[in-house]
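Down below is the structure, laid out as structure tokens.
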Amino acid sequence: MLQKTEFEFLYKLKQNKMRVCTQREISESMGISLGKANKLIHELASRCLINSQASSYTITKAGIEALKPYKVNNAVIMAAGMSRRFAPLSYEKPKGLLTVKGEILIEREIRQLQKAGIKDITVVVGYMKEKFFYLEEKFNIKIIVNEDYYRYNNTSTLIKVLDRLSNTYICSSDNYFVDNVFEEYVYQAYYSAVYSAGDTDEYCLSCDAHGRIKSVTIGGSNSWYMLGHVYFDNIFSKKFTRILKKEYVNQKTREHLWENLYMRYIKELDLYIKKYDSGKVLEFDSLDELRHFDKEYINNADSGILRNICRVLDCEIKDIVSIVAINAGITNTSFKFMVNGQEYVYRHPGNGTEKYINRNSEAESMKIAFKLGLDDTFIYMDSAKGWKISKYIEEARELDYHNISEVSAAVSMMKILHNQNIKSEFDFGLWDKTQKFIGQLKALGKTNFDGFDDLLSLITKVNNEIKSDGYGRRCLCHNDCYSPNFLLDKNNKMFLIDWEYSGNDDPASDLGTFICCSGYSYNESLEIIKLYNPKILDNDKELAHYIGYIAEASYYWYIWALYQETRGNSAGSWLYMWYKNSKIYGKKTLELLGKWQE
């Protein structure tokens, strides 16, 4: 093993950066005292690692051999993620493929690695993976596909390359290094860092006197924080591989960053800080940040989404500012933006949603909702591609299921829609949609668990009863009437938004969805039905019709949630709520009809 100063001096000699110089110049260059410089020269010369004659120093074969344990073997570039925050450009291409100052980010990084002598490079891809495939031939690199990118974090990338970890650079495809940060030889494992003057929500570092990272906190002030590339040496790689293999069975590990796992095992994993000047290592978290660095993006962002906005709002790309991703909804991605002082929302359809959402129906329904005053935020929707632009509701909040005035307003909005008795060109069909999702789940082998068939049998009986009881009718329904879709502005004006599932169905299905997502007790549900039409409670058979639709709506959303989870979209506690309500209201329906038997 070499001491750090020995390594640094030998590496400088190998690079021919320090050949003819005095010991004073060595002292100043190495940041050590003159006495230590003298001792360093004598020590290396005595071990035949350098040739020392007057003020001329060269590395020997033995010196080159001593550097071998520190030679970088390879690099892994993580390029699987979706970069949701970088709206809207990341909706159209992976962030690593953005062109910044005339160079594609990941291509610039690969060139920098190769220039540093690192030829063995692996790129792990996931989101829009096919867009990266050309790199393999162009740069003679390796491609590995991470199929779990959409449901897990970057630990799912590193688990794919454990066999490649040794003396390895770990890089992100979307970093921009002003200068080439990569080297052919590295002394020890490190994480690059820059300094934040003031508050930051980044991963902040605390180090000992030798630069070993002692602790990491998420958020801090006037601190060095993690940004950019990481270097794993052989010792770190072996320990980290063992830990990740052991911990990857845990859902928490899969869903978090590898840095979070490192933080848990920080006492075992030696990682040192490597400091960089501000502005040398860059990561762009928003289009506004990228525009600040590369003025080309002010007028031309090569984005179909931004061009859509310009066409609809009659503006220029430079007018679209203050873009912020909105983390709401399971099926789509959206972002807020501003044009000429007015705030808007752009909804981008989720991948695969075309399989179960009729965008033509949604577009037509939104026009009707606008005319009826149910949602006057609507501006434009492209029914072919599924994107839409709406006004942003300032200080919006969702309906409170336990605020009777808000609930009454929501029920009134449903009645306004239903009482128009509008016949859409498009059918929704709650039960038909349910059957399609069940078919897809069965094809994926996701229905083979205890209780699935019993619950399906119960809801099938309920469906048979409510379809033939004579109380049903069909008209345009919203079909997604739950609290997040009833928004109130700062003046308490209510909007019924998100008409993705709209189409002809039984009005009872809208009320059923509203109740099945509420957490109401059975008696509380009766009060909501009474708000809608008090006469329903006077007839057990008609009441069974509405209770049956609570059961059927619960079951639809339960099956829908199971399907979403196969796509990596977690429904959280909703899944269990819908499961329970399917059973509770299914049994209640049959009890009202005198047909329930244990």
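The values are calculated or read from the model by the stated rules, or taken from the named source; none is laboratory data. A quick note: this is a predicted structure, and the numbers were derived from the prediction, not measured. Methodologically, a virtual Cβ is constructed for each residue, glycine included, from the backbone with ideal geometry; neighbour enumeration extends over all protein chains shown. SASA here: full protein model, heavy atoms, side chains in, ligands and nucleic acids out. Shrake-Rupley method; radii C 1.70, N 1.55, O 1.52, S 1.80 Å.
For the reader, a short list of remarks on this structure follows.
- Any hit, the range 64-71, residues being in contact (Cβ under 8 Å) with a residue 40 or more places away in the chain and closer than 30 Å to PHE133 by Cβ: yes
- Odd one out for SER518 among (1) in a loop (DSSP other than H, G, I, E, B); (2) open to solvent by less than 10 Å² (accessible area, probe 1.4 Å): (2)
- Within the range 173-190, tally of residues that are in contact with a helix residue (DSSP H, G or I) (Cβ under 8 Å, 6 or more places away or on another chain) and open to solvent by less than 30 Å² (accessible area, probe 1.4 Å): 10
- Candidate set: the range 252-282, residues that are aromatic (Phe, Trp, Tyr) and in a loop (DSSP other than H, G, I, E, B); chosen: the one farthest from PHE182 (Cα to Cα): TYR265
- Among the residues of the range 133-148, the one identified as open to solvent by less than 50 Å² (accessible area, probe 1.4 Å), free of Cβ contacts under 8 Å to residues at least 60 places away in the same chain and not aliphatic (A, V, I, L, M) is PHE139.
- Look at the range 347-376: where a residue is over 29 Å from MET82 (Cα atoms) and at pLDDT 95 or above, no partner that is among the aromatic types (Phe, Trp, Tyr) and open to solvent by 50 Å² or more (accessible area, probe 1.4 Å) sits 6+ places away or on another chain with Cβ atoms under 7 Å.
- One residue stands out in the range 464-484 among those that are under 26 Å from ASN403 (Cα atoms) and part of a loop (DSSP other than H, G, I, E, B): the one that is most open to solvent (accessible area, probe 1.4 Å), namely TYR482.
- On the stretch given as the range 40-64, residues that are part of a helix (DSSP H, G or I), of a type outside the set (A, V, I, L, M, F, W, C) and surrounded by 14 or more Cβ atoms within 10 Å (Cβ to Cβ) total 2.
- Condition met for PHE437 (assigned to a loop (DSSP other than H, G, I, E, B) and within 33 Å of the chain's Cα centre (by Cα)): no
- The residue pairs whose first member lies in the range 228-248 and is closer than 28 Å to GLN112 by Cα, whose second member is surrounded by 21 or more Cβ atoms within 10 Å (Cβ to Cβ) and among the acidic types (Asp, Glu), and whose beta carbons are closer than 9 Å, counting only pairs six or more residues apart or on different chains, are HIS229/GLU109.
- Subset tally (residues that are more than 22 Å from the chain's Cα centre (by Cα), among the small types (Gly, Ala, Ser) and under 13 Å from ILE273 (Cβ atoms)) for the range 220-240: 1
- Unmet criterion (only one of (1) farther than 28 Å from ILE323 by Cβ; (2) exposed (fewer than 15 other Cβ atoms within 10 Å of the Cβ); (3) free of Cβ contacts under 8 Å to residues at least 40 places away in the same chain) for GLU130: (1)
Yes/no matrix, rows are residues, columns are (1) within 22 Å of the chain's Cα centre (by Cα); (2) modelled with pLDDT of 95 or more; (3) crowded, with 17+ Cβ neighbours inside 10 Å:
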| site | (1), (2), (3) |
| --- | --- |
| GLU255 | yes, no, no |
| TRP258 | yes, yes, yes |
| LEU269 | no, yes, yes |
| ASP285 | yes, no, no |
| GLU289 | yes, no, no |
| ASN299 | no, no, no |
| ILE305 | yes, no, yes |
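- Members of the range 199-218 found to be without any contact (Cβ under 8 Å) to a residue 40 or more places away in the chain and open to solvent by 20 Å² or more (accessible area, probe 1.4 Å), listed by number: ASP199, THR200, ASP201, GLU202, SER206, ASP208, ALA209, THR217, ILE218
- All positions within the range 94-140 that are among the β-branched types (Val, Ile, Thr) and closer than 13 Å to MET78 by Cα: ILE106, ILE110, ILE121, THR122, VAL123, VAL124, VAL125
- In the range 355-383, the qualifying residues are those that are surrounded by 19 or more Cβ atoms within 10 Å (Cβ to Cβ) and polar (S, T, N, Q), and the one that is farthest from PHE437 (Cα to Cα) is THR377.
- Selection count where residues are assigned to a loop (DSSP other than H, G, I, E, B) and surrounded by 17 or more Cβ atoms within 10 Å (Cβ to Cβ), scope the range 149-165: 5
- Number of the condition not met by LYS461 [criteria: (1) open to solvent by 50 Å² or more (accessible area, probe 1.4 Å); (2) at pLDDT below 95; (3) of a type in the set (Lys, Arg)]: (2)
Residue-by-condition table, conditions (1) open to solvent by 50 Å² or more (accessible area, probe 1.4 Å); (2) out of contact with any strand residue (DSSP E or B) (no Cβ under 7 Å at 6 or more places or on another chain); (3) outside any helix (DSSP H, G or I); (4) of a type in the set (D, E, K, R):
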{"site": "ALA544", "(1), (2), (3), (4)": "no, yes, no, no"}
{"site": "TRP560", "(1), (2), (3), (4)": "no, yes, no, no"}
{"site": "LYS583", "(1), (2), (3), (4)": "yes, yes, no, yes"}
{"site": "THR589", "(1), (2), (3), (4)": "no, yes, no, no"}
{"site": "GLY594", "(1), (2), (3), (4)": "yes, yes, yes, no"}
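- Test: residue in the range 327-340 that is farther than 21 Å from LYS493 by Cβ, touching a Cys at 6+ places or on another chain (Cβ under 8 Å), at pLDDT 95 or above and surrounded by 14 or more Cβ atoms within 10 Å (Cβ to Cβ): yes
- Residue that is closer than 14 Å to TYR555 by Cα, among the β-branched types (Val, Ile, Thr) and in contact with a Cys (Cβ under 6 Å, 6 or more places away or on another chain), where the choices are THR513, THR460: THR513
- Residue among ILE393, ILE389 that is in contact with a strand residue (DSSP E or B) (Cβ under 6 Å, 6 or more places away or on another chain), more than 25 Å from GLY548 (Cα to Cα) and not in a loop (DSSP other than H, G, I, E, B): ILE389
- The range 485-515 - residue that is among the polar types (S, T, N, Q) and assigned to a loop (DSSP other than H, G, I, E, B) and, of those, nearest to ILE389 (Cα to Cα): SER502
- Those residues of the range 79-121 which are among the acidic types (Asp, Glu), more than 18 Å from the chain's Cα centre (by Cα) and not in a strand (DSSP E or B), in sequence order: GLU107, GLU109, ASP120
- Filter result (among the small types (Gly, Ala, Ser) and under 22 Å from SER468 (Cα atoms)) within the range 395-441: GLY429
- ASN222 under 21 Å from ASP201 (Cα atoms) and free of Cβ contacts under 8 Å to residues at least 40 places away in the same chain: yes
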